[in-house]
Amino acid sequence: MSPAVAHFASFKLKVSALVMAMVLIAAIAVGGLSLLIAEVQMQRMTGAQELSALAGAAAYIDNDLHAKQQLLKSLAEEAQVRNLGPADVQALLEAHSTLRDEFINVASYDAHGDRIASLRNRQDKALNVSGRAYFQQTLAGREGMISEPFKSGLSGRPAVALTQPLADAKGEIYAVLVGGIDLLRPSFAAQIEALRSIPQGYLFIVSADGTVVHHPNKDLILTRPDLEERPALHAALAAPEGWRADLVDDGQPVFVAYKRLRQVDWTVGVSSPLHEAFAPMAAVWMKGIAAAAVFTALAGVFGWGLVKVLMEPLDRLQKSVEAIDSGATDIEALDVQDRDEFGLLSRALYRLSRHRQQAEDELHRLATTDVLTGTYNRRMFDDFLPAALARARRAGEALAVAFLDVDSFKHINDTYGHAVGDAVLVEFARRLQGAVRRTDTVARLAGDEFVIVYEQLGDADEAHQLGGKLMAAMERPFQAGGATLRVTASVGIAITRHHASAQAVMQSADYALYGVKAAGRDGYAVNVVGTEKLACVRGREQARVRPREEAVRA
């Protein structure tokens, strides 16, 4: 081989080596840059996903606290409806077994802070809470609240108190209900720990002033660690929500996400080892490097494609959450059948959302249902009647409202006691519901006052048929508390076909009811709204109230 050929071959070899080196460097650079871009995007997606999961945990805690507040509020409403006093609070607490599941204890304190009732620990030493901030704030604000975490004077354990004032019929506060939550009790701490999305991480809760409410290190609860000791806790107080990946917790780099609660000024956060939080990203790096070494020119494309494939389930999950949040779809979109970790997380979010919806539905039912009779209550009726009038006006149909009360109901209470009176009201409501159509609505306004809304009526003559059915429903004697009672009712019916306000209809029905009472009760009267002209029809003959097994007109 000639020297020129040798020099040319050497030159080609050098050029080939240089080109291959450039291709290799370009491939590694492209692959590394692609992986770097993927890393940034995946960090953001992981942060967004962890925030989505944390939002579910925050919603669970919010709903749990709200449900407990509503439970105490329903007790206060029941006590006011039943006109209970301080001596009746103990029996009221013992009558509601669900309190034992929701609280470590529920106690009641009079306006001076002295305990007058307790669901548990009744034999403990007397306790006065007049100096507690939550007691003073409840009396001052006249509404329930959630206290700051404190050390219980009875158990010596960290606790949180939920309060609700008890008021009499005049609105005067005579006691305060206090439901305690033991922050170390499994029903609180264990359920919160179960919301973790990464097994190696832990959840924590911190109040606005830096007090630790929940932490796996029980020694930290009720303390305020400084920034150098617990940077993760302080990071969670910086903003209502967010995430960081530049902190060190217990000597190791961590990923911290946090979100503020709605019901109380607390922040729930999660601290996870950085290598666990970004484990899928580390796997992508290894595969990308291996692909770059074997397939130099395709390393970048392979790495980018792999990242896209791995991130596709996460993208779908994020899009589903965003669509649900915007109202474009419902929570059924989270009920996927994928068996990977993203599918498991999606189904967990679906179950959590379903529980939240069921809790909201139950709270709405409790807020619109009469506790004693199971019919709608006044709050529901006040919303329902204007809507029914609007429907009747659009359809060009008549609508009637029957205003009823139990004749001489006070006499029944005075003669047989409130327990028999309550039984009479329950049976009275049951018979009313049996005497109306499915399209009609029965509600209890207060005491022995009931109202029925009749929709889709043809003409005013139907009102007389409705009144007759109500009279017939009361013919059979009532069996209440071992007594056989004959109960009668006075019914005022107002009917309207033209536009009328809810107030005008109720005034017309009340006018008709007054006419029945003036005529001797035990009957019904029909009044066309706007005419104020009664057509009164008497019902059964009057009868005196007698002891057990005697007919009684009430």
On a 28 Å Cα-Cα criterion, which of the cross-link pairs K170/K469; K170/K410; K218/K259 come out too long?
K170/K469
Extension gain from H411 to T531, taking 0.36 nm per residue of separation minus the Cα-Cα distance:
39.8 nm
Using amide H atoms built 1.01 Å from N in the peptide plane, name the residues 5+ places from L183, or on other chains, whose amide H lies under 5 Å from its own.
A159, V160
Given charges at Cβ of Lys, Arg, Asp, Glu: the range 369-539 dipole, positive-most of A398, V426, V516:
A398
In the range 369-539, what percent of the accessible surface is made up of carbon and sulfur (1.4 Å probe, ligands and nucleic acids excluded)?
51
So for each of 483-496, 240-253 I average, over its residues, the number of other beta carbons within 10 Å; can you give me the resulting order with the highest mean first?
483-496, 240-253
Just add up the charged neighbours of Q252: K/R +1, D/E -1, any other residue whose Cβ is under 14 Å from the Cβ of Q252.
-3
List every residue whose amide H lies under 5 Å from the amide H of R230, counting only residues 5 or more places away in sequence or on a different chain, with H placed 1.01 Å from N in the peptide plane.
none
Take the alpha-carbon positions of the range 34-276, form their convex hull, and give its projected area averaged over all directions (one quarter of the hull surface) in nm².
14.1
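The values are calculated or read from the model by the stated rules, or taken from the named source; none is laboratory data. Just so it is clear, the structure is predicted and the values come from calculations on it, not from any experiment. Don't worry about glycine lacking a Cβ; one is built from the backbone with ideal geometry, like all the others, and counts go over all protein chains shown. SASA here: full protein model, heavy atoms, side chains in, ligands and nucleic acids out. Shrake-Rupley method; radii C 1.70, N 1.55, O 1.52, S 1.80 Å.
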